[in-house]
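A.B. asks: Take this structure first; my questions come after.
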Amino acid sequence: MTDARYIRASRGTEIFNAIVTGLTRIGVSIYGSRVLAVRGRKSGEWRTVPVNLLTYNGERYLVAPRGHTQWVRNMRAAGGGELRVGRKVEVFTAEELPDDVKPEILREYLRRWKFEVGVFFDGVDASASDEKLRSIAPGYPVFRLS
């Protein structure tokens, strides 16, 4: 696993995330947005970040387009968290997927949210081959939720 791939949020991304978070907190989900809450691996305090919840073939997934971020590291330690929209809170457990099963999930994620996250995929889009998606998979953590 390549922990080195991490793209720090730009000021524009921070502003966009703040807007999406604010809307999601009042109950307005933008293209499936949720506020992910996960316990900090060191502090034990709740940490929140907006995420796109992907439902694909009856399963639900979280993809980290900016790589091995703090929420990813916290999720690995906590094994789950909460998804929030308005007052609705859903507790879940998470299983990180191995790289060889990520291509179809990454493809679907890009199909739905390339307009928002494409900048983090260096020109790779939903039409990429399985081989290409498999080659970039180590840099994009994916969690299946239950």
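Nothing in this text is a laboratory measurement; each read-out follows from the coordinates by a stated rule. Since the model is a prediction, treat every value here as computed from it, not as a measurement. For neighbour counting, all protein chains shown are included, and Cβ atoms are generated from backbone atoms with ideal geometry for every residue, glycine included.
A.B. asks: Just to be sure I understand, how many residues within segment 90-106 are in contact with a helix residue (DSSP H, G or I) (Cβ under 6 Å, 6 or more places away or on another chain) and in a helix (DSSP H, G or I)? Lay out the reasoning, then the answer.
C.D. replies: Restricting attention to segment 90-106, the residues satisfying the condition of being in contact with a helix residue (DSSP H, G or I) (Cβ under 6 Å, 6 or more places away or on another chain) are 94, 99, 102-103, 106.
After this cut, where a residue has to be in a helix (DSSP H, G or I) as well, the list is 99, 103, 106.
Of the residues in segment 90-106, 3 are in contact with a helix residue (DSSP H, G or I) (Cβ under 6 Å, 6 or more places away or on another chain) and in a helix (DSSP H, G or I).
A.B. asks: Out of 53, 23, which single residue is farther than 24 Å from residue 136 by Cα and either in contact with a Gly (Cβ under 9 Å, 6 or more places away or on another chain) or surrounded by 15 or more Cβ atoms within 10 Å (Cβ to Cβ) (or both)? Before the answer, list the steps.
C.D. replies: Working: 53 fails: farther than 24 Å from residue 136 by Cα.
Step by step, each of 53, 23 is checked, and only 23 is farther than 24 Å from residue 136 by Cα and either in contact with a Gly (Cβ under 9 Å, 6 or more places away or on another chain) or surrounded by 15 or more Cβ atoms within 10 Å (Cβ to Cβ) (or both).
A.B. asks: Related question: Go through the residues of segment 110-117 one by one and say whether even a single one is under 21 Å from residue 29 (Cβ atoms), out of contact with any Asp or Glu (no Cβ under 7 Å at 6 or more places or on another chain) and either free of Cβ contacts under 8 Å to residues at least 12 places away in the same chain or not in a helix (DSSP H, G or I) (or both).
C.D. replies: Looking through segment 110-117, at least one residue is under 21 Å from residue 29 (Cβ atoms), out of contact with any Asp or Glu (no Cβ under 7 Å at 6 or more places or on another chain) and either free of Cβ contacts under 8 Å to residues at least 12 places away in the same chain or not in a helix (DSSP H, G or I) (or both).
A.B. asks: Could you list, in sequence order, the residues of segment 1-20 that are more than 23 Å from residue 137 (Cβ to Cβ) and of a type outside the set (Lys, Arg)?
C.D. replies: Result: 10, 12, 14, 15, 16, 17, 18, 19, 20.
A.B. asks: Suppose we keep only residues that are of a type in the set (Asp, Glu) and either touching a Lys or Arg at 6+ places or on another chain (Cβ under 8 Å) or assigned to a helix (DSSP H, G or I) (or both) within segment 118-142. Which one would you say is nearest to residue 63 (Cα to Cα)?
C.D. replies: At the first step, the residues of segment 118-142 found to be of a type in the set (Asp, Glu) are 122, 125, 130-131.
Now narrow it down to the ones that are either touching a Lys or Arg at 6+ places or on another chain (Cβ under 8 Å) or assigned to a helix (DSSP H, G or I) (or both): 125, 130-131.
Numbers: 125: 15, 130: 17, 131: 19 Å.
Here the residue is 125.
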